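The block underneath contains the structure these notes are about, expressed in structure tokens.
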């Protein structure tokens, strides 16, 4: 019994020591937002090197990446677009209308770049629908064009998709 009391006191003392030690030295974990902010800052520091790296790539690979935009809509509050230009000229276009339903629509297909005409053309795998985007700022952004390849009505800046490489924050685009 005496041995049990001593063991209990030792265990209790150890537990109290651990609790007080943790209280005196709290662990400060970063939030996801803070961590992403640090990642963005690090990416911005490397951006000069990354731009040089992109210029060394073959022309058809220079514009790969993810582009984001929030476009106007006649029948809703707006349209959120995420265009991912991938390897082997594949693309994924995610469309989400700003309304009560948060349903996302996915379109896959092939894309081509025409640097001399400053044009990227998407061809849907499902229905062979063609979409056009004008290259702006050397590939830092794209401007959505009308189905016939002409400019959209209104301010062209309203139809702009920005490259994830140039954006300071991606909070708007987190699902």
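Values in this text are rule-based calculations from the coordinates and carry no lab data. Only a predicted model underlies this, so the values are computations on that prediction, with no experimental measurement involved. Note that we place each Cβ from the backbone using ideal geometry, even for glycine, and neighbour counts take in every protein chain shown.
Between residue 103 and residue 11, full extension at 0.36 nm per residue minus the direct alpha carbon distance yields a gain of 27.6 nm.
Model label sites at residue 74 and residue 165, defined 7 Å from Cα along the beta-carbon direction, differ in position by 3.6 nm. Modelled spin-label separation between residue 127 and residue 95, with each label point placed 7 Å from Cα along the Cα-to-Cβ direction: 0.8 nm. Using a simple spin-label model with pseudo-atoms 7 Å out from Cα toward Cβ, residue 110 and residue 86 lie 1.6 nm apart.
Protection proxy ranking for 137-145, 88-96, using the average of other Cβ atoms within 10 Å per residue and placing the highest first: 137-145, 88-96. Residues 148, 74, ranked from the fewest to the most other C-beta atoms within 10 Å, line up as 74, 148.
Footprinting exposure proxy ranking of 66, 123, fewest other C-beta atoms within 10 angstrom first, gives 123, 66.
For residue 117 and residue 38, the difference between the fully extended length at 0.36 nm per residue and the C-alpha to C-alpha distance is 24.7 nm.
Counting other Cβ atoms within 10 Å as a rough exposure proxy, the listed residues 13, 84 run 13, 84 from fewest neighbours to most.
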